[in-house]
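The values are calculated or read from the model by the stated rules, or taken from the named source; none is laboratory data. Predicted model only: the values in this text are computed from it and were never measured. As a convention, Cβ positions derive from the backbone with ideal geometry for all residues, glycine included, and neighbour counts pool all protein chains shown. Side chains are part of the model used for accessible areas, which takes the heavy atoms of the whole protein and leaves out ligands, DNA and RNA. Shrake-Rupley method; radii C 1.70, N 1.55, O 1.52, S 1.80 Å.
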Amino acid sequence: MSTALLQSTYFGPVQWYQKLYRYDSILIEQHDTYQKQTFRNRCVIATANGLQALTVPVEAPGERCAMKEVRISDHNQWRRVHWNALQSAYSESPFFEYYQDDIRPFFEKKYDYLIDFNEAIRQKICELIDIEPKVEYTEEFISSTPSTIADYREVIHSKHPQPDADFTPKRYWQVFERKHGFQPNLSILDLLFNMGTESVFYL
């Protein structure tokens, strides 16, 4: 039985959801030290002007604050900003209209904790792309992983990704591909809005 160890993500990249689909079970780390500028609170989408990172603001976490303790901030009306950015980027995509009523509520309801917000997103995305991963959360920080667990916590990284022999980005249709070329491993929303029910075949 294969198990993958992952960080929590905000509309995580295609690579992250590939692990959810391909492994028998998933462990999501919730006791790791929160770090800025990671997929924990950031996703990347393709827009008419190129790539854009959407970041969920968090209340200033204390030194070595655990991920499960990080609170979401209401700073700068970020929910409206993120939703408007998604509308602008994907309104012309084949499946935005089909899925918008499933995704919009995440920018209307307030969540206190980032880990809960990310988990609610994960559950909805898995439902929409029709996968049913077995997911559990760590009970303590896993400092060293046994050989039975594939550790992707630092492999799937927004700033410093590490080699992943099991992931090769496959091209799919994107709204702005003619302008910017194919952009690999973006937020799962990019795949969902562009490929709809076929998204699972790219995982």
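Structure values in brief
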{"quantity": "Among the residues listed as TYR21, TYR10, the single one being within 22 Å of LYS124 (Cβ to Cβ), in a loop (DSSP other than H, G, I, E, B), touching a residue at least 24 places away in the same chain (Cβ under 8 Å) and within 18 Å of the chain's Cα centre (by Cα)", "calculated": "TYR10"}
{"quantity": "Those residues of region 31-77 which are over 17 Å from TRP16 (Cβ atoms) and among the acidic types (Asp, Glu), in sequence order", "calculated": "GLU59, GLU63, GLU69, ASP74"}
{"quantity": "Every pair of residues 6+ apart whose Cβ atoms lie under 9 Å, when the first sits in region 160-177 and is farther than 30 Å from GLN87 by Cβ and touching a residue at least 12 places away in the same chain (Cβ under 8 Å) while the second is of a type outside the set (Phe, Trp, Tyr) and open to solvent by 100 Å² or more (accessible area, probe 1.4 Å)", "calculated": "ASP166/ARG22"}
{"quantity": "Region 167-203: number of residues that are open to solvent by 30 Å² or more (accessible area, probe 1.4 Å), within 17 Å of VAL44 (Cβ to Cβ) and part of a helix (DSSP H, G or I)", "calculated": "4"}
{"quantity": "Selection within region 19-42 - farther than 18 Å from HIS160 by Cα and either in contact with a Lys or Arg (Cβ under 9 Å, 6 or more places away or on another chain) or open to solvent by less than 10 Å² (accessible area, probe 1.4 Å) (or both)", "calculated": "LYS19, LEU20, TYR23, ASP24, SER25, ILE26, ILE28, GLU29, GLN30, HIS31"}
